[in-house]
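The values are calculated or read from the model by the stated rules, or taken from the named source; none is laboratory data. Small disclaimer: the values here were computed from a predicted structure and weren't measured. Heads up: the accessible areas ignore ligands, DNA and RNA and are worked out on the full protein's heavy atoms, side chains in. Shrake-Rupley method; radii C 1.70, N 1.55, O 1.52, S 1.80 Å.
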Amino acid sequence: MNETYNPKNTEKKWQDIWDADGAFSAEIDKSKEKFYALVEFPYPSGQGLHVGHPRPYTALDIISRKRRLQGQNVLFPMGWDAFGLPTENYAIQNKIHPKAVTEKNIARFKEQLKALGYSFDWNREISTTDPEYYKWTQWIFLKLFEKGLAYKAEMPINWCISCKVGLANEEVVNGVCERCGSEVVRKVKSQWMLKITAYAERLINDLDLVDYIEKVKVQQRNWIGKSVGAEINFNVTGTDEALRVFTTRPDTIFGATYMVMSPEHTMLDKYKERIKNWDEVLRYREDAAKKSDFERTEIAKDKTGVGLDGFTCVNPATGAEIPVWISDYVLISYGTGAIMAVPAHDERDWEFAQKFNLPIVEVVSGGNVADAAYTDTEKGTMVNSGFLNGLEVSEAKKKITEYLSDKRLGEGKVNYKLRDWVFSRQRYWGEPIPVVYCEHCGYVPLSEADLPLLLPEVESYETTDDGESPLSKITDWVNAKCPKCGAAAKRETDTMPQWAGSSWYFLRYIDNKNPDKFASQESLDYWMPVDWYNGGMEHTTLHLLYSRFWHKFLYDIGQVTSPEPYAKRTSHGMILGENNEKMSKSRGNVVNPDDIVGEFGADTLRTYEMFIGAFELAAAWSNEGVKGCRRFLDRVWRLQDMLKGGGYSDELKTAMHKTIKKVTADYENMKFNTAIAAMMALTNEFYRLERVTKAEFETLLILLNPVAPHITEELYEKLGNKKRIYQSKWPVYDENLTVSETVTIGVTVNGKVKASVDVSPDENQDDIKARIFAIPAVIKAVEGKEIVKEIYVSCRIYNIAVR
RNA sequence: GCCCGAAUGGCGGAAUAGGUAGACGCAAAGGACUUAAAAUCCUUCGGAGGUAACUCCGUGCCGGUUCGAGUCCGGCUUCGGGCACCA
């Protein structure tokens with residue numbers, strides 16, 4: 001009898017052995033196929049590791065460990081996305097330097113991750129807050145600036161009128177400040193922007209080059225939101241000037257019965273003398289400033305707006321003078337900030353017209369525009385539309401666009417929902433933006449030789465009363481010389497958003513200590529692109545898109561050789577609390593991974609998180625379920641007590657080959673739960689026979705090793721192996737041996753199961769039919785009925801349709 | 001509101017290409033072992049009816065396609081993720 005399974009005796013032991021052996025350190029080796037596996041590096045929060053973290057990490061650890069056994073040269077790195085708001089807020093509250101907080105949090109995270117036995121190459125660890133790292137983040141910014149992709153623009157921020165600070169969206173709860181409950185307004189500030197929109201088309205098109213799960217591609221395409229339409233000029237009555245609109249439905253122009261401008265539209269200010277109800281406009285503008293875009297575009301809410309008195313435009317198609325309104329459902333950030341309203345064929349316009357009694361003119365037949373807007377573009381013919389009458393919508397689109405550009409009234413235009421990236425934060429704990437402002441030269445970038453521009457020490461990390469970054473109060477840091485003319489100049493005091501550091505981190509892992517370049521050409525050539533990147537769906541539209549944008553930019557300037565950073569992208573579901581709600585302190589349903597490791601061991605935690613359910617779906621935590629996985633590992637441990645020598649036994653030969661096949665495929669398809677179920681079933685077979693051969697046991701151990709690396713290494717050693725599992729080979733299966741001689745299939749009558757019958761794959765239908773019609777239950781079911789049809793699907797089903 | 005997902009026993013979930021719904025695990029019940037408990041092992045385990053053989057119902061709801069639908073189509077409901085300064 002061997003001693004009982006105690007992970008405390010074995011897990012640390014194997015982690016130390018792997019460390020000492022350098023088992024998982026990756027080096028360039030051109031004789032081997034490379035595999036670069038990437039998981040999203042964590043934000044090292046003060047709460048420590050969450051049970052959600054191990055889910056994706058274990059998943060790619062499994063794939064990495066398996067690929068190594070299959071002979072690939074695997075790079076599986078880990079690091080820290082350590083700049084950010086929570087650390088800064090914690091630092092403010094506790095009067096500790098954010099750097100100290102970060103160091104402490106990283107140490108804790110690292111210890112926790114190490115205890116889980118991941119095969120990370122810790123030699124390649126990085127932190128975005130390390131000056132040797134953010135030097136290159138700043139360097140990329142300089143390149144963007146150099147190419148005209150970084151620029152300054154007036155953009156609104158959330159401003160708490162009481163705290164006098166700029167707030168993150170998250171800190172605005174129901175329109176009020178999360179800290180003090182006061183009103184939050186939008187305040188316009190000059191901010192650094194990155195021109196991601198210049199890459200919109202390629203970010204869509206190049207999705208065809210990569211293997212991302214479909215929902216990620218769809219979400220990115222929708223986020224970029226390409227729409228093809230036209231920009232059209234509507235002359236302002238009595239002037240030479242035009243109000244320009246963007247529309248995806250130029251075909252409906254004859255139905256444009258009024259126009260709507262965003263309350264922020266600059267043309268309003270220009271014509272304020274003409275607008276008789278200017279006071280009303282100002283009041284409306286103030287109210288709109290309090291709402292987010294999200295609130296403003298909500299369709300369910302009551303539409304609001306102000307009709308301009310004394311300001312009208314002319315519909316260029318009909319020649320009619322039409323009223324102009326302002327309303328907050330038109331956003332200044334999309335299109336031209338103004339629309340032509342076609343209430344008959346747009347839902348929002350329809351509701352607005354209903355509320356304010358504006359005329360609704362049908363120009364596409366097919367619906368009943370008195371009841372609802374008719375928005376179908378597939379079916380319908382143009383009516384009430386002059387020279388467009390009788391055309392289909394798509395034809396009308398083409399014709400009116402040509403007409404408008406001939407008459408110089410507008411032209412075809414592609415618009416994207418994607419907006420440029422607001423790159424400034426008025427915060428301390430971020431990368432300083434390496435730019436100075438010189439009165440003579442304007443914004444001047446630092447020279448590359450001056451990087452990294454270090455984040456200076458400050459007394460206080462509190463944002464300032466005027467909404468500027470805390471850096472603005474450090475005068476001897478702010479005061480600098482213009483790199484161009486040498487005159488006195490001021491440094492930019494905004495810092496970069498957390499997204500900056502995470503937009504290129506995969507490039508630093510491959511050569512993390514290089515002092516001269518973010519990564520050497522050799523390492524880029526060998527390791528890039530990332531072969532498999534797994535992360536949360538919540539990062540699909542921001543992080544994933546931002547990093548693709550930066551990588552494409554680096555590609556354009558010849559710094560990297562692949563147009564896309566990630567060859568493959570998969571996604572995991574969240575781990576919820578036992579009550580099926582998101583884990584949070586306030587809900588009291590948080591599970592600490594340390595407790596699970598302490599009580600059951602890391603292998604149990606890993607096995608459980610992989611067994612919990614379909615990888616891509618959310619799953620609720622269950623402490624009872626954890627116990628079940630520990631029980632499975634206990635059963636595997638006790639297999640050593642029923643060990644017999646020899647190869648695969650005759651009884652289990654098929655089961656062994658089938659299991660190898662299933663586990664091998666399931667791991668690659670991230671169906672970890674069914675892979676584990678198959679290994680449980682195999683273990684149950686050993687128990688049923690009350691013995692396991694050495695070869696069978698070793699195969700099980702290697703198959704299970706990626707999921708539960710410690711227990712399997714220990715048992716493998718106990719079997720007398722001098723080599724470790726990590727040095728062994730992935731088992732192979734023989735396809736011919738995975739097929740059983742007979743299969744049990746169902747016999748159904750009109751789709752209802754009546755009996756089952758064993759068939760062999762090569763048996764012909766007539767023989768099977770003869771046997772089936774001898775079964776009493778089948779005879780009874782078809783008795784006195786007419787047999788209409790019989791369907792036999794080989795090794796699947798035999799169905800008899802009767803009447 | 002817009003975009004993307006999801007819904008299957010008491011519970012977590014399984015079901016390559018539309019082919020025996022409920023694999024595997026948890027919980028529960030009964031039994032074996034034990035002085036006892038824990039652990040372990042064995043059995044039962046979707047619902048209703050029936051002594052039984054067996055019958056009927058059953059994959060969120062309504063309808064459709066099909067010899068056959070958890071799976072496909074149309075229309076809903078509810079829940080989760082994202083909505084650009086949380087990351």
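Given a 1.4 Å probe and the protein chains as shown, A:Lys13 ends up with an accessible area of around 70 Å². Only protein heavy atoms count here; under a 1.4 Å probe, A:Arg491 has an accessible surface of about 60 Å². Among the protein heavy atoms, those of A:Glu347 account for about 110 Å² of accessible surface (1.4 Å probe, every chain in place).
On the principal axes of its alpha carbon atoms, the stretch A:192-239 extends 56, 27, 14 Å, with the longest extent given first. Across chain A, C-alpha contacts under 8 Å between residues 6 or more apart give a mean separation that, scaled by the residue count, equals a relative contact order of 14 percent.
With respect to the cross-link table entries A:Lys32/A:Lys513; A:Lys147/A:Lys417; A:Lys662/A:Lys780; A:Lys110/A:Lys582, which display a Cα-Cα separation exceeding 30 Å? Could you put the intermediate results ahead of the total?
Values: A:Lys32/A:Lys513 23 Å; A:Lys147/A:Lys417 23 Å; A:Lys662/A:Lys780 39 Å; A:Lys110/A:Lys582 24 Å.
In this structure, A:Lys662/A:Lys780 lie more than 30 Å apart at Cα.
Using the 1.4 Å probe convention, the accessible area of the stretch A:701-803 works out to 55 Å² per residue with neighbouring protein chains retained. Computed over protein heavy atoms with a 1.4 Å probe, the carbon and sulfur contribution to the accessible area of chain A reaches 49%. Of all DSSP bridge pairs formed entirely within chain A, close to 75 percent run antiparallel.
At a temperature of 37 °C and a viscosity of 0.692 mPa s, determine how fast the stretch A:554-635 diffuses translationally according to Stokes-Einstein, using the Kirkwood radius over alpha-carbon pairs as Rh; express D in µm²/s, rounded to the nearest whole number.
Details: Rh = 15.1 Å.
Result for D is 217 µm²/s.
With a Cα-only, solvent-free Debye model of chain A, what are the log10 I(q)/I(0) values at q = 0.05, 0.08, 0.09 Å⁻¹? Log10 of I(q)/I(0), two decimals: -0.39, -0.90, -1.05.
Here the Kirkwood formula, the inverse mean of 1/r across different C-alpha pairs, assigns the stretch A:1-62 a hydrodynamic radius of 15.3 Å. Enter the Cα centre distance for the pair the stretch A:415-489 and the stretch A:151-201, rounded to the nearest angstrom. When both Cα centres are located, 18 Å separates them.
Roughly how large, in nm² to one decimal, is the mean projection of the convex hull of the alpha-carbon atoms in the stretch A:9-120?
Values: hull surface 33.1 nm².
Convex hull of Cα atoms, orientation-averaged projection: 8.3 nm².
Give me the 1.4 Å probe accessible area per residue for the stretch A:497-644, excluding ligands and nucleic acids, in Å².
Details: 5350 Å² over 148 residues.
That works out to 36 Å² per residue.
Volume per residue of the convex hull around the Cα atoms, evaluated for the stretch A:462-532, comes out as 157 Å³. Averaging over all projection directions, the Cα-based convex hull of the stretch A:409-529 occupies 12.9 nm² in the image plane.
Cross-link partners of A:Lys187 among lysines, defined as those whose alpha carbon lies under 17 angstrom from its own and excluding same-chain residues fewer than eight positions apart: A:Lys152, A:Lys164, A:Lys290, A:Lys291.
From Cα pairs below 8 angstrom and at least 6 apart in sequence, can you work out the relative contact order of the stretch A:253-369, rounded to a whole percent? Please report the intermediate quantities before stating the final value.
Details: 187 pairs, mean separation 44.9, N = 117.
Rounded, it is 38 percent for the stretch A:253-369.
With each run of n ≥ 4 DSSP H residues scored as -39500 (n - 2.57), what mean residue ellipticity at 222 nm is computed for chain A after dividing by its residue count and rounding to the nearest 500 deg cm²/dmol? Intermediate results must be reported in sequence, preceding the final value.
Details: 26 runs with 276 residues, N = 803.
-10500 deg cm²/dmol, from helical runs alone.
With Cα atoms as the point set, the radius of gyration and Dmax of the stretch A:599-746 evaluate to 15.3, 49 Å. Kirkwood Rh over Cα pairs of the stretch A:508-585 into Stokes-Einstein at 4 °C, 1.567 mPa s: D in µm²/s? Using the Kirkwood radius from Cα pairs, D works out to 88 µm²/s.
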